[in-house]
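Structure first, then comments.
Any read-out appearing in this document is the output of simple, stated calculations on the displayed coordinates, not a laboratory observation. In this text, all values refer to a predicted model and were calculated from it rather than measured experimentally. Cβ placement follows ideal geometry from the backbone for every residue including glycine, while neighbour counts extend to all protein chains displayed.
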Ligand code: GLA
């Protein structure tokens with residue numbers, strides 16, 4: 001209600017037509033605000049799927065070397081993540097972690113055996129980053145369900161959060177995965193524990209200057225997409241949304257003969273879709289990939305990569321990197337597919353259409369205006385034609401668009417209204433469609449465009465707060481109505497954040513569970529924009545967006561300038577007024 005903004009939209013209903021014409025005329029101005037890139041999902045490798053508890057310095061060095069030499073590092077893979085099994089729960093009398101000096105020896109003269117910073121230095125020397133693992137509870141997973149064993153009590157960080165995360169940062173690690181086996185057995189509240197861990201990481205950063213990227217692993221228990229984005233004020237993180245795709249398959253052990261299952265991979269993909277939570281650097285994590293592991297054919301590897309990329313998932317490889325064949329490496333490093341995953345809007349793909357059961361069209365909006373990645377996925381056991389229309393993507397329905405096949409790396413020409421292809425059973429095609437975005441007239445417009453400093457205007461501005469900026473130190477509410485066919489809509493939020501750090505605010509849409517938005521810095525005085533997906537009521541009823549930022553550090557300076565709606569609403573009957 002502040003500054004009459006809520007009522008402004010109501011009053012505007014009377015002036016709807018006037019506002020509509022005024023806003024449409026601002027299309028003539030170029031957009032002045034810059035889309036601010038958000039942190040992409042992490043790319044790397046984890047030791048768990050192929051080494052289980054047999055992880056040690058020798059195999060970590062081999063994997064790091066393979067990442068550096070195989071072209072994976074060049075393609076964007078960075079993290080070498082040491083998962084469970086690196087430590088058996090031993091602490092000294094001061095509670096400091098004690099590791100096995102044989103498992104983690106000195107690697108260079110002057111180094112001390114039993115010091116994890118040796119392996120971190122090695123990983124860094126290749127230009128890569130290093131990840132480590134613990135549990136939020138007292139005991140890690142290996143105590144409750146030892147894999148290759150032995151059962152190790154005390155491998156969690158509970159009661160040692162500050163001490164352990166400081167230790168990880170001092171060793172030089174860049175990434176930490178925190179499991180939930182102990183937390184789950186002890187019936188702890190994950191939102192509380194993971195927030196406490198964020199504060200421990202912040203403390204560690206304050207004293208070492210070294211930041212740990214945050215990977216939460218509670219397998220989708222207690223719906224982490226509702227509380228894990230930005231938990232404890234962290235400005236980028238990932239959270240697991242499902243169980244493990246595969247049990248470890250470890251050469252020359254009792255675990256040598258397993259096979260990864262295609263159905264499990266599809267299950268994890270489905271369970272990972274929570275697009276309303278995935279934006280501005282926060283990502284659903286459907287588990288490390290099984291591409292290149294026993295049981296997966298080349299085609300299945302390609303489907304798997306397509307699905308992880310369209311959903312903007314972390315690309316963490318679980319296979320033994322020293323054994324990848326050239327075809328698998330090509331799949332993992334296809335630059336156009338990787339670029340879809342890493343797109344700077346940071347959004348998740350959505351199911352745009354399912355023309356018949358098992359024939360699916362997935363689409364992911366990309367930073368380039370009018371560009372969508374599309375996966376045509378045939379989950380049936382017979383070949384079938386799968387059509388996608390531009391309207392389903394949120395593009396101008398009758399206009400032309402270019403289509404490119406990302407696996408064939410080939411342009412497929414220009415198509416009017418839509419495209420369709422025959423897809424074999426259990427296979428997927430991956431495309432980029434570049435069409436014409438819907439114009440201003442496709443969404444409800446109830447206030448005129450905002451003037452920015454320098455005289456430029458914002459294009460496609462639906463809610464401009466009368467040209468004022470809205471500081472986010474307190475609660476702000478915006479209401480408006482819009483009509484259309486599909487609730488899934490993109491909100492582009494124009495804002496100013498002059499601070500050096502991203503700042504976090506909460507957004508509640510129509511009284512549902514809020515999501516946290518991280519606003520990256522825009523530089524002093526300038527306006528930037530970020531994009532989120534949300535679900536709106538499109539039947540003409542009022543939509544209510546409530547922003548709040550109780551924990552803002554720089555409260556008077558993060559400000560929203562305007563919000564525009566676009567894209568996937570697929571609105572056929574836009575209303576210029578309410
Ligand atoms: C859980 C996690 C896995 C792995 C193992 C280690 O199962 O989901 O990714 O970290 O624990 O025990």
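Table for the structure above
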| read-out | value |
| --- | --- |
| Contour excess over end-to-end distance, with Cα ends at residue 336 and residue 436 and 0.36 nm allotted per residue | 33.9 nm |
| Net length gained if the chain between residue 145 and residue 192 were fully extended (0.36 nm per residue, minus Cα distance) | 14.5 nm |
| Cβ-derived FRET efficiency at R0 30 Å, residue 247 paired with residue 354, nearest 0.05 | 0.45 |
| Normalised alpha carbon radius of gyration of region 169-222 [divisor 2.2 N^0.38 Å] | 1.21 |
| Potential extension, residue 211-residue 98 segment - 0.36 nm per residue separation minus Cα distance | 38.5 nm |
| Pair residue 501, residue 542: separation of 7 Å Cα→Cβ label points (nm) | 3.6 nm |
| Calculated FRET value between residue 270 and residue 382, using beta carbons and R₀ = 22 Å, to 0.05 | 0.60 |
| Value of Rg to Rh for region 291-348 (Rh from inverse mean 1/r over Cα pairs, i.e. Kirkwood) | 0.97 |
| Whole-Å semi-axes of the ellipsoid equivalent to region 244-354 (Cα gyration tensor, √5λ, descending) | 25, 15, 12 |
| Computed E for residue 297/residue 223 - FRET, C-beta separation, R0 35 angstrom, nearest 0.05 | 0.55 |
| When region 172-279 is reduced to its Cα atoms, the Kirkwood hydrodynamic radius in Å | 15.5 Å |
| Relative contact order of region 119-185, pairs being alpha-carbon contacts under 8 Å that are 6 or more residues apart, as % | 45 percent |
